[in-house]
Amino acid sequence: MLKNIPLAGGLKAWLYRQIMGEKLDNPLGYMILAAFALAFGGLVPILGVKGGMMIIAGLLGVPALLLCMFNQQFGVCFTLLIAFFVNYFSKINNAPLGTSLDGLLLLMCFGIFVGQVLRKDWGFIRDPISTWLMIWMYYCFVQGLNPAAESKAAWGFSVRAVAVLNLVYFIAAYAMNTLSKVKFMMKWLLGLAGIACLYAFKQEYTGFSDSEMAWLMADPERYQLFFQWGRMRIFSIFSDPMTFGIMMTYMGIFCFIMASVEKYTIERKIFLCILGAAMVWTTAYTGTRTCYALIPIGLAFYAMMTLSPRIIIGGVAVMAVLTVFVLKGSSNPMIFRIQSAFKPSEDASVQIRYYNQQRIRPFIYTHPIGFGLGSTGLWARRFTPDSFLAKFAHDSYYVRIAVEAGWIGLIIYMMFMFMCVRRTLYFYLRVRDPEIKAILLSLLVAIFLLAVANYPQEAIVQLPTSMVFHVMLAIVVRIKDFDEHYVEMERLLKARREL
């Protein structure tokens, strides 16, 4: 760095040794650090606390942004960290952390295009998952021209959640070019989910913080939704109990499946089983019926994929216990709510959802491209509060797509979801490495559960699941490239097609 600077030879060599050789771990570095500290201490009384925080944010944020731009693995991990905690910090202050995710993703995309000079790697783009995701994203952007849409602003806010955040898939797929990076990403996801699980126990046994209680009490409808059957529903660091409960369901089952890898140590297996059990246990605190139903569905799907007699017998035993549990009466409000998930005919909310779907069906038939993104839900209530759809409770991501993007959009999205499950199953059946096979099976069950959960809830579109889901898809299209048997089989098939 300093070799080309026209300084006296002795001074130049000394500076080079102090900065490059010793990395400023010397008296010169301490003096520079002390000078910065004194300057910061002098500026805080002048600029105030906010000004001081802005200086700190600049000193830490600029290097972090540069690192995200040119190190996509770090960028994806940093983005997931923000996605997990964005709703937690939104209860404390109004910082636009959600919008910052968009800018961070676009910055990383720019870094990828710059990095193409050194490493051209777009093989994952040819995967059908990538193809259908790009078709869906293109359709969402074209929805901005929908003549039936009443608000362009609502489309602008909605397209971010259903299309822009999907860019994390391409960034993660580009970043995870080695098996070690894939494994690290899996550990990172489990670590973040584990933190959310632990915080749920904190809320259950020590109560909510003052900022969380203020947030709950600020909206009477929100408080009524969270306080049911004489107890408060737990939501951990997320925006609502539904998002937290569904994540704990698929991540808990994910842990159980990964614990079956034979080459793992007994300590690692025990840790995964304890973590999975803790995650599944916290679903009882959420009061979310969807996640209660997903647990037996996930176990049944896992048994069907393995066709292992031991797992099938164990699954039948678990189902028998669950059946007795559901049929047995209880005065405990938490247990009663779990039991109600398996009695939809007696649940008034389920019947209301069926009625709403039947009521909106004729409008969907007559509007093949829908009423425009953002025509229902939060953005409709904000930008078009007097419209009919602003008062319509879709209670389902599939229903929302059918209303906003039409039955054409629903077909495109269902093809995308079908391709996600199909390709994951395809790779799972063809790889031979036990660990890679277990990872693909875990991802297959998680993706399938999210596809099912999308019907009664808006499961995939909510943070952080929207980010986690697309990172999982990136792992799917990448991890099979590190299985020697699959790579060799694909090479032989390609050679046969060329003959």
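Tabulated data for the structure shown
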read-out: Pairs of Cα atoms farther than 23 Å apart, the range 348-461, %; value: 40 percent
read-out: Full-extension gain in nm, Ile411 to Arg359, via 0.36 nm per residue minus C-alpha separation; value: 16.7 nm
read-out: Length added when fully stretched, Arg231-Arg17, from 0.36 nm per residue minus Cα-Cα; value: 70.6 nm
read-out: The range 444-462-the range 242-294 distance, computed between alpha-carbon centres (Å); value: 16 Å
read-out: Relative contact order, percent, the range 358-499 [alpha-carbon distance under 8 Å, six or more residues apart]; value: 22 percent
read-out: Amide H contacts of Phe227 (H built 1.01 Å from N, under 5 Å, at least 5 apart or other chain); value: Arg233
read-out: Simple spin-label estimate for Arg491 and Lys187 in nanometres, 7 Å along Cα-Cβ; value: 3.0 nm
read-out: Cα pair distances exceeding 12 angstrom across the range 198-248, given as percent; value: 64 percent
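Coordinate-derived values only; no laboratory data. Computed from a predicted structure; not experimentally measured. Cβ coordinates were reconstructed from backbone atoms using ideal geometry, including for glycine residues, and neighbour counts include every protein chain displayed.
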